[in-house]
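Contents: one structure, followed by commentary.
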Amino acid sequence: MSKARNLADLGDDFDGTDLTLSGGVYLGGTGAANKLDDYEEGTWTPSFSQGFSGITYGVQNGLYVKIGCLVYCDFYIYFSGTGTSAQIQVQGLPFNSTSGHSGYARGGGTSSYQNINNKTAQFYGTNNNSIFSLYEDGNVPMGTSSSLSNKYLIGTYIYKTDA
């Protein structure tokens, strides 16, 4: 059996499971842009940084997957509180968003389900922080002044990080 350059024979005993690579793997080429050297899964605790007062949480669950510089976050917040009319913001992302690319969106996402109001919430972030803001109809800051009980926000937020 001939071997190509930079390839290693894993031997007859390799069963195809649990291959550990300490330096990364090149996908689709050998250039630096093709090297995957960072993969991580974990949890995070989402909470509101503004938009509510007197808030109590019933559930604050967040999961994330980080592949290279891209972070994919799912979350579920179940809460009661009083709106302050300020734009609603969620904090606690597992990594700060990228500090580069001034003028471009740092991340985005949408609510799968929410019962704060009857609009679909979109999420947008800014550079170098662990917070994203809620918008309705794409560009209207989302806030409320109502007293809310047993409400939820479930969604996905995807962003780039320098971490």
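Where a number appears in this text, it was derived from the coordinates with a stated rule and is not lab data. Since the structure is predicted, the reported quantities are computational estimates derived from the model, not experimental observations. Please note: Cβ atoms are built from the backbone with ideal geometry, for glycine as well, and neighbour counts cover all protein chains shown.
Observations
- Counted by neighbouring Cβ atoms within 10 Å, the residues 40, 136 run from fewest to most as 40, 136.
- Environment charge at residue 64 (Cβ cut-off 10 Å; Lys +1, Arg +1, Asp -1, Glu -1): -2
- Neighbour-count order for 97, 149, 22, fewest beta carbons within 10 angstrom listed first: 22, 149, 97
- Extending 7 Å from Cα along the Cβ direction at residue 117 and again at residue 156 yields two label points whose distance is 2.5 nm.
- Counting neighbouring Cβ atoms within 10 Å and putting the fewest first, the residues 26, 157 line up as 26, 157.
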